[in-house]
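The structure appears right after this line, and notes come after that.
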Amino acid sequence: MKIQLLVSFLFFFIIISHDCVESRMPHLRTNGLASANSKNYLTQKAIWFNQTLDHFSPINHIRFQQRYYEFLDYFRAPDGPIFLKICGEASCNGITNDYVGVLAKKFGAAIVTLEHRYYGKSSPFNTLSTENLKYLSSKQALFDLAVFHEFYQESLNKKLNRSKTDNPWIVFGVSYAGALSAWFRLKFPHLTCGSLASSAVVQAVYNFTDFDKQIGESAGPDCKSALQETTKLVEEKLASDKTAVKTFFGAAQLKNDGDFLYFLADAAVTAFQYGNPDILCTPMVEAKKAGKNLLDTYASYVKNYYLGTLGVGVQTYDQQSLKRTALSENSGDRLWWFQVCTEVAYFQIAPLNDSIRSSKVDTRYHLDLCRNVFGEGIYPDVDATNIYYGGTKLAGSKIVFTNGSQDPWRHASKQTSSPDMPSYVISCHNCGHGTDLRGCPQSPLQLEGDAKNCGSPDAVQKVRQQVIVHIDLWLSECQDGGRSYI
């Protein structure tokens, strides 16, 4: 196994979220929300430091190069807070200009982001064989954050000519990174004053039928009916001429019928998950009422919006592509599927009744994918994951959970408040994944998380105000003086 050599390491701050180019998380897709446009980022200047490969081995001292970013324009030196924005399951190309930046300006905070191990340019190995992926897990990633916390705090102290001083830290994250944010506070409470866990998927779910059910609720009866009829028509076409129907949707490379049906289901999901329901539902409902060909309408949406505007690659769903072990810009798909197939599952299977997605997208499809892509014996131990973290019953403190009402992933999050862990659901027509930090729609990126286009901007602002109150309280309790940071 070849370990990539590390370059020099420099200094500075932390933040947990996803300022990354989001991978097709089977399928979370939370990071690919910022284009290469520089105004979408607070900074894209990468810095590097040496990270431990295996935090749980007393004899493995191999290290690898890990990328991070810092933004100090709002930092009130020397004792301002540090916002650790967690980068999740994708390449981390900078610190995105979302609502975390607004909060940093309000609190005089520095923002730092650490790229998740293996993703982007932070790969410990030159090839991504199943054997080389054994150090890819949420547990190792959390320890990465803890080690980085110590490294960055020490570097800052040197820069400020002081010692044994800790700035107050707050962690942020959306989606899988939101789960990491909650878990970091849970496992390392001495390193952070609090956590914002936005759309945090803290509950590993084996058969995630609530996912498809939520799509039906978010779509409404007319759009749901149109989507269900479309699925039926696609299945009929697959039985008669599968090559023609796959080509019609721009997905001829998907030789596996299950991959193709997953691809079509995921295309619809994205409209609701990221706050663009009308782009899909308006033409579908109109076509159904007018007696037009629903396949034509849906194919237009898939090719023009999903593949075109959003730039999703068909290879994301191709098991043959997922089996490739060479490092590439598409490696994030294989990496996230490995985490899905070993830790969290989130198998988005069709419910037994009234499903939108094809019934062929079932448990067997997912297990076969895991075995085909990674080898025999690879399957998700969701019980072990939930025992380790606690699922939605995690015994944490000073964690705020937020979710959007239309987001199917909220059913893997904590939606009920408990002592010292409030939970808020933002309700509106287009409130999806990470609405509190991203505004509406959630994709493409809304600068500073602008909420003016949300169905209910007031609902978003009310939750944001609660977040501000909690952060101010956490920071005051973290400091001996008990002062407000606003």
| request: Just give me the residues in the stretch 444-461 being out of contact with any strand residue (DSSP E or B) (no Cβ under 7 Å at 6 or more places or on another chain) and either assigned to a loop (DSSP other than H, G, I, E, B) or at positive phi (or both), in sequence order. | output: Pro444, Gln446, Glu448, Gly449, Asp450, Ala451, Lys452, Asn453, Cys454, Gly455, Ser456
| said: Please list, ordered by residue number, the strands (runs of 3 or more DSSP E) wholly in the stretch 1-96 having 1 or more residues that are modelled with pLDDT of 95 or more. | reply: 41-43, 47-52, 63-71, 82-85, 90-92
| task | Could you pull out every one of the strands (runs of 3 or more DSSP E) wholly within the stretch 135-215 that has 1 or more residues that are over 23 Å from His470 (Cα atoms) and open to solvent by 10 Å² or more (accessible area, probe 1.4 Å)? | result | 205-207
| field | Matching residues in the stretch 278-330 - criterion: being in a loop (DSSP other than H, G, I, E, B), surrounded by 13 or more Cβ atoms within 10 Å (Cβ to Cβ) and aliphatic (A, V, I, L, M) | value | Leu310, Val312, Leu327
| Residue that is farthest from Ala197 (Cα to Cα), among those in the stretch 97-131 that are assigned to a helix (DSSP H, G or I) and open to solvent by less than 10 Å² (accessible area, probe 1.4 Å) | Phe107
| said: Looking at Lys360, Lys414 in this structure, which one is open to solvent by 40 Å² or more (accessible area, probe 1.4 Å), in a loop (DSSP other than H, G, I, E, B) and touching a Leu at 6+ places or on another chain (Cβ under 8 Å)? | reply: Lys360
| message | Out of Val269, Val234, I need the residue that is surrounded by 15 or more Cβ atoms within 10 Å (Cβ to Cβ) and either more than 23 Å from Gln315 (Cβ to Cβ) or within 26 Å of the chain's Cα centre (by Cα) (or both). Which one? | response | Val269
| said: Let me spell it out: the conditions are (1) in a helix (DSSP H, G or I); (2) buried (at least 17 other Cβ atoms within 10 Å of the Cβ); (3) in contact with a helix residue (DSSP H, G or I) (Cβ under 8 Å, 6 or more places away or on another chain); (4) not polar (S, T, N, Q), and Phe401 meets all of them except one. Which number is the exception? | reply: (1)
| field | Where a residue in the stretch 129-146 is more than 14 Å from Phe184 (Cβ to Cβ) and modelled with pLDDT of 95 or more and its partner, wherever it lies, is open to solvent by less than 40 Å² (accessible area, probe 1.4 Å) and of a type in the set (D, E, K, R), with Cβ under 6 Å and at least six apart | value | Tyr135/Asp54
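The values are calculated or read from the model by the stated rules, or taken from the named source; none is laboratory data. Fair warning: this is a prediction, and the values are worked out from it, not measured in the lab. Positions of Cβ are backbone-derived with ideal geometry, glycine not excepted, and every protein chain shown enters the neighbour counts. Surface areas here come from the heavy atoms of the whole protein model, side chains and all, with no ligands, DNA or RNA. Shrake-Rupley method; radii C 1.70, N 1.55, O 1.52, S 1.80 Å.
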